[in-house]
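Data first, discussion second: the structure below is written as structure tokens.
The values are calculated or read from the model by the stated rules, or taken from the named source; none is laboratory data. Bear in mind that the values here come from a model prediction, so they are computed numbers and not experimental data. Cβ: placed from backbone, ideal geometry, glycine included. Neighbour counts: every protein chain shown. Areas reflect the complete protein model, heavy atoms only, side chains present, ligands, DNA and RNA absent. Shrake-Rupley method; radii C 1.70, N 1.55, O 1.52, S 1.80 Å.
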Amino acid sequence: MKVYALAVLSVPTSGQAVSLASASDLSSFSFYQRGSVAEFMTFFCKTVAERTKAGQRQSVQENAYVAHVYNRGGPDPLCSVVVTDQEYPVRPAFSLLAKILDEYDTAVPVASRSDTSLAPFPAIHSYLSKYQDPKQADNIMKVQAELDETKIILHQTIESVLERGEKLDNLVDRSTALSQQSKMFYKTAKKSLLHMPPTPPNFYQVQLTVLAVFCFAAILLERYVDRRKKAGSNDLGKGIGGERLEEAEPLNDRQGGGSREVSRAVFSALQRNYLFVYAVVMGADWLQGPYVYSLYKDQYEYPERIVALLFVMGFTSAGLTAPLVGVWADKLGRRRMCLYFCLSYAAACFCTLVPFLPVLLAGRVLGGFSTSILFSCFESWLVSASQSTGVSQSDLSTIFGQATLVNGFVASAAGIVSNELVARTEGFTGPFMLSALLLGVSWVMIRGMWTENYGGQDAAGSSTTDFFQITRLRQAWQIVRRDPSLLVLGLTQTCFEGSMYLFVFLWVPSMQEASAAFPGPPLPLGYIFSAFMVSMMLGSLIYTCIATHSLPKSDPPLVLHAKLSSLICLTASLSFAFSYSATSPQTRFWCFCIFEACVGMYYPVQGMLKGTMISNDHRATLAALFRVPLNVFVTGIMLTGVSSNRQLVFSGCTLLLAFSSIMTTLVVVRRTTEQAAAAANGSAGLRPL
């Protein structure tokens with residue numbers, strides 16, 4: 001709880017309010033912000049005082065601030081205003097207002113009030129200090145019991161106080177009492193709430209702590225079990241000539257301990273090279289996410305429809321370039337396309353520095369193109385590299401699981417870093433510049449650590465006459481049409497990842513809608529976001545435990561992953577269904593955490609299925625082709641206005657995820673089970689298509 005400003009004003013029936021005495025405590029703001037904040041506080045006090053009728057008490061909220069006003073009226077129209085945060089209780093605030101007016105009336109003669117230099121009122125500073133803690137004002141509150149019988153009008157927003165047609169933004173622009181720097185501070189901090197002091201720990205902070213502790217314990221337990229398993233495998237290898245069950249796949253040439261050491265060294269090198277690059281790349285991506293909207297809407301002041309156009313432009317670009325990116329990756333090389341990703345995404349970051357709409361649109365086009373590369377070429381490079389080096393399916397699934405775990409850690413850290421950058425630079429471009437720097441680092445890492453791989457044997461010397469590779473796209477589509485399993489894989493990607501992207505836009509208003517306190521104290525969205533990321537890491541750990549420690553005793557690897565895919569979609573569907581039927585914010589929060597855990601399991605499972613069921617020649621092409629319906633789906637829903645139809649969107653996602661789960665069970669699980677049985681009976685095993 002915090003009291004920011006206290007003021008006594010003279011409010012004539014006609015004309016502007018005049019400040020007679022004031023005090024402020026701006027210690028929670030940085031030194032460079034205090035001048036702008038002080039000007040805005042004075043402006044805010046005068047604005048609400050002029051719009052409070054004589055004899056009226058009211059509380060007026062503007063974002064994270066609340067101005068409690070008491071206009072005493074009478075022949076000498078005095079008004080007192082106190083600006084607090086949203087957690088400060090109402091009764092001591094109005095107790096202070098009545099007390100300060102009585103004190104001022106006694107201490108300052110009426111004849112001296114026209115010149116504040118002749119009528120100082122030092123007591124206002126002591127009251128500001130004393131009322132920082134409402135509990136210390138209890139004695140004064142007791143003598144103000146008549147306030148309980150006085151009607152206090154509570155306005156949720158300042159718009160309800162302003163006259164018809166008035167807007168606070170316009171008043172700020174026209175004000176001569178505010179400097180340009182103060183006006184910029186108001187516009188920048190209007191919705192971000194970045195400059196407010198942190199709220200005390202509450203439910204979400206506690207749950208984040210619990211999730212983080214549980215995640216850390218799960219990581220330690222998983223590492224301990226993994227070491228025990230390796231130790232047991234080594235002991236078993238000494239007794240049976242070094243043969244390991246999980247190395248009965250392509251990696252195993254069954255030549256004893258020496259070959260095992262070589263294979264583990266190859267696996268460790270691939271794991272290290274991929275995860276280091278993946279962590280830096282995803283860090284660059286996550287840094288931009290929290291502040292794209294704020295940059296366009298708050299800093300550059302574009303209207304809502306233009307911001308929506310910018311977002312849609314990014315998804316449209318990703319949808320149009322996705323199949324081309326896959327073809328180019330298969331033909332030109334996955335490593336080369338990843339290098340292009342670093343350059344194009346860095347260029348998109350630099351476009352955010354120019355508040356000119358065509359430049360920003362160009363940046364969104366580059367960002368969509370880069371996203372298509374990020375979610376197709378990096379995964380294709382890993383799968384192809386694992387096959388060329390002889391890494392087994394179980395080891396590949398381990399890398400996928402660890403990549404999702406790394407992604408969760410990076411996302412949590414990126415949110416904190418970006419928030420700190422914005423707070424220190426007082427602008428929203430800082431995270432984008434750091435992202436560009438990380439992309440430069442990742443370009444150097446990819447160039448030095450990765451080797452090239454292609455989609456076809458003749459790829460390195462392929463002709464570039466068919467630049468848009470229509471022939472290969474047609475071939476890839478024919479492959480998908482011939483195999484229902486691949487159609488279902490594409491359906492699952494569209495339904496699950498489409499629901500995930502829509503969830504990114506919907507979780508904040510959904511949590512606010514469920515919160516009984518909103519629009520009171522602001523929700524700790526940063527803590528909630530971090531809790532979601534930790535939940536995603538837990539999902540990744542669950543997958544790693546299932547895939548790494550249960551494969552020898554359960555279904556064949558591909559059958560297990562097909563069943564997991566169906567289960568993940570079903571669980572995600574149920575989490576959405578329960579979340580929107582829940583009335584408490586706590587229940588909705590945990591439903592969303594379950595969905596994020598499903599996200600943590602989904603990516604390694606889906607990557608393993610696509611890596612096994614799709615041939616290397618067309619892997620990147622098909623992976624990119626699957627993103628076309630995904631981007632069409634997300635773009636279409638966004639254009640309909642998801643914020644005003646949240647329940648309908650969540651209901652649709654619930655049904656789509658349930659349908660995807662059913663189709664995966666009926667098609668993919670059945671096909672993989674039949675082929676596993678055929679392989680066990682000595683028939684031809686499962687071949688990529």
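Brief remarks on what is shown
- Scan of the range 17-27 for residues that are over 44 Å from the mean Cα position of the chain (by Cα) and surrounded by fewer than 19 Cβ atoms within 10 Å (Cβ to Cβ), ordered by number: VAL18
- Qualifying positions in the range 386-399 - open to solvent by less than 10 Å² (accessible area, probe 1.4 Å) and either small (Gly, Ala, Ser) or at pLDDT 90 or above (or both): SER386, SER392, SER397
- Residue in the range 469-485 that is modelled with pLDDT of 90 or more, assigned to a helix (DSSP H, G or I), over 20 Å from TYR296 (Cα atoms) and not hydrophobic (A, V, I, L, M, F, W, C) present: no
- Matching residues, the range 355-381, being modelled with pLDDT of 90 or more and over 26 Å from PHE428 (Cα atoms): PHE378, TRP381
- The set of residues from the range 566-584 being assigned to a helix (DSSP H, G or I) and open to solvent by less than 20 Å² (accessible area, probe 1.4 Å) comprises SER566, ILE568, CYS569, ALA572, SER573, SER575, PHE576, SER579.
- Hits in the range 313-327 (condition: within 16 Å of CYS338 (Cβ to Cβ) and of a type outside the set (Gly, Ala, Ser)): THR321, LEU324, VAL325, VAL327
- Any hit, the range 29-49, residues being in a loop (DSSP other than H, G, I, E, B) and either touching a Pro at 6+ places or on another chain (Cβ under 7 Å) or at pLDDT 80 or above (or both): no
- Only residues that are assigned to a strand (DSSP E or B) and in contact (Cβ under 8 Å) with a residue 60 or more places away in the chain were counted across the range 50-66, and they come to 7.
- The requirement of being open to solvent by 50 Å² or more (accessible area, probe 1.4 Å), closer than 18 Å to HIS125 by Cα and of a type outside the set (S, T, N, Q) is fulfilled somewhere in the range 39-51, by at least one residue.
- Restricting VAL277, VAL266, VAL262 to residues that are at pLDDT 55 or above, within 30 Å of GLY440 (Cβ to Cβ) and open to solvent by 40 Å² or more (accessible area, probe 1.4 Å) narrows the list to VAL266.
- Just one of the listed residues (SER95, SER126) is buried (at least 19 other Cβ atoms within 10 Å of the Cβ) and of a type in the set (Ser, Thr, Tyr), and it is SER95.
- Within the range 610-638, the residues that satisfy the criterion of being open to solvent by less than 30 Å² (accessible area, probe 1.4 Å), among the β-branched types (Val, Ile, Thr), in a helix (DSSP H, G or I) and at pLDDT 65 or above are THR612, VAL634, THR635.
- Counted residues, the range 72-109 - those being modelled with pLDDT under 85 and in a strand (DSSP E or B): 3
- Among the residues of the range 300-315, the ones that are in a helix (DSSP H, G or I) and either open to solvent by less than 50 Å² (accessible area, probe 1.4 Å) or modelled with pLDDT under 75 (or both) come to 10 in all.
- Out of PHE350, PHE341, PHE409, one residue alone is under 27 Å from TYR300 (Cα atoms), part of a helix (DSSP H, G or I) and open to solvent by 10 Å² or more (accessible area, probe 1.4 Å). It is PHE350.
- Scanning the range 416-454 for residues that are touching a Gly at 6+ places or on another chain (Cβ under 8 Å), of a type in the set (A, V, I, L, M), within 23 Å of VAL354 (Cα to Cα) and surrounded by fewer than 21 Cβ atoms within 10 Å (Cβ to Cβ) yields a total of 1.
- Filter pass, SER344 being closer than 30 Å to THR548 by Cβ and either out of contact with any Ser or Thr (no Cβ under 9 Å at 6 or more places or on another chain) or hydroxyl-bearing (Ser, Thr, Tyr) (or both): no
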